[in-house]
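Written below as structure tokens is the structure these notes are about.
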Amino acid sequence: SAPALGPSGATITDLGYSRSYRLCVVGYDLAGNQTPFSGSVTVLPGRARARQRLGDQTCETSGPQPAPTYSDVTIWACPITTVVAAGLMSSCAPGRFCPDDPVTRADLAVILENALHRGTRTRIPPATGVFADVPPALPEACFIEQLHRDGLTSGCNLSPLRYCPDALITRETAAVMLLLAKHGRTYSPPPCTGMFADVPCSLPTAAFVEQLARECVTSGCGASPPQYCPTAAVTRKELAVFLWRALLLEPACGVPIC
């Protein structure tokens with residue numbers, strides 16, 4: 001859960017929320033105007049978004065936390081709890097991970113910034129309105145813009161520049177962003193060879209998808225013939241395993257999950 005940030009007396013009442021990251025309350029009111037804040041914020045469950053500013057604080061990445069126990073996690077428990085304990089993802093509600101919930105592009109921006117700064121708590125500069133569809137009032141805005149500055153995303157549209165924050169992350173997009181997070185913004189994978197039946201080499205993300213498999217982050221979504229399901233949405237449990245394999249343990253091929 002998020003600690004209170006800001007001036008003396010400012011508090012956050014956490015009633016549970018189904019997002020994949022630590023809450024960050026950012027700097028604008030509902031009309032989009034920057035405003036000082038003194039008092040309390042009640043965070044409702046689900047996709048409720050707080051708009052009030054807490055002093056001059058900016059967004060902050062998560063640091064390490066105790067390994068949790070989840071009542072709704074029946075498979076891949078070790079990778080999930082390891083990723084959460086590392087501060088890359090967080091609970092969706094007390095004692096729950098919501099493993100089958102899909103991940104949005106806004107979610108992934110926060111998760112990847114946590115991954116890039118794993119092991120620490122790092123201030124992210126305030127949002128300035130880089131993307132036409134990401135107002136600075138959006139709680140994820142500072143993370144989205146930092147992801148852009150870090151070279152891990154060019155958005156979903158160039159003219160005007162847009163990020164599509166509420167769109168779901170697909171498996172092919174996840175492959176690109178995970179490998180850039182791991183190897184750096186200038187990384188270019190080896191050419192496509194036709195590894196997956198449903199990932200033709202004409203697909204712009206094909207080389208990244210195949211490299212994700214070579215690095216044992218994924219085995220695809222089907223074995224006969226080999227398939228990756230590039231346009232399928234990524235669930236929270238799938239992303240947790242991707243993060244665990246790609247960024248935390250870097251296992252060799254054949255090493256089982258935990």
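The values are calculated or read from the model by the stated rules, or taken from the named source; none is laboratory data. Keep in mind that this is a model prediction, so the values were computed, not measured. As a convention, Cβ positions derive from the backbone with ideal geometry for all residues, glycine included, and neighbour counts pool all protein chains shown. To get the accessible areas, we keep the full protein, side chains included, count just its heavy atoms, and leave off ligands, DNA and RNA. Shrake-Rupley method; radii C 1.70, N 1.55, O 1.52, S 1.80 Å.
Taking segment 126-155 as the search range and keeping residues that are open to solvent by less than 40 Å² (accessible area, probe 1.4 Å) and not in a loop (DSSP other than H, G, I, E, B), which one is nearest to V110 (Cα to Cα)? Selected residue: F143.
Here P226 fulfils each of the conditions (1) within 23 Å of S90 (Cβ to Cβ); (2) touching a Phe, Trp or Tyr at 6+ places or on another chain (Cβ under 7 Å) apart from (1). Being basic (K, R), farther than 27 Å from I75 by Cα and out of contact with any His (no Cβ under 7 Å at 6 or more places or on another chain) is a property that R245 lacks. In segment 91-100, the condition of being at pLDDT below 85 and under 26 Å from A167 (Cα atoms) is met by no residue. Of the candidates A127, A167, A137, A141, the single residue that is more than 24 Å from A206 (Cα to Cα), touching a strand residue (DSSP E or B) at 6+ places or on another chain (Cβ under 8 Å) and among the small types (G, A, S) is A137.
Note on segment 213-258: residues that are in a loop (DSSP other than H, G, I, E, B), out of contact with any Gly (no Cβ under 8 Å at 6 or more places or on another chain), surrounded by 13 or more Cβ atoms within 10 Å (Cβ to Cβ) and modelled with pLDDT of 90 or more amount to 8. Against the test of being part of a helix (DSSP H, G or I) and either open to solvent by 20 Å² or more (accessible area, probe 1.4 Å) or at pLDDT below 95 (or both), the options E172, E210 yield a single qualifying residue, E172. Identify, please: which residue in segment 156-169 is farther than 23 Å from L212 by Cβ and within 14 Å of the chain's Cα centre (by Cα) and is, among those, most open to solvent (accessible area, probe 1.4 Å)? Going through the qualifying residues, I end up with D166.
Just to be sure before I move on: is P99 of a type outside the set (S, T, Y) and buried (at least 16 other Cβ atoms within 10 Å of the Cβ) in the structure I sent? The answer is yes for P99.
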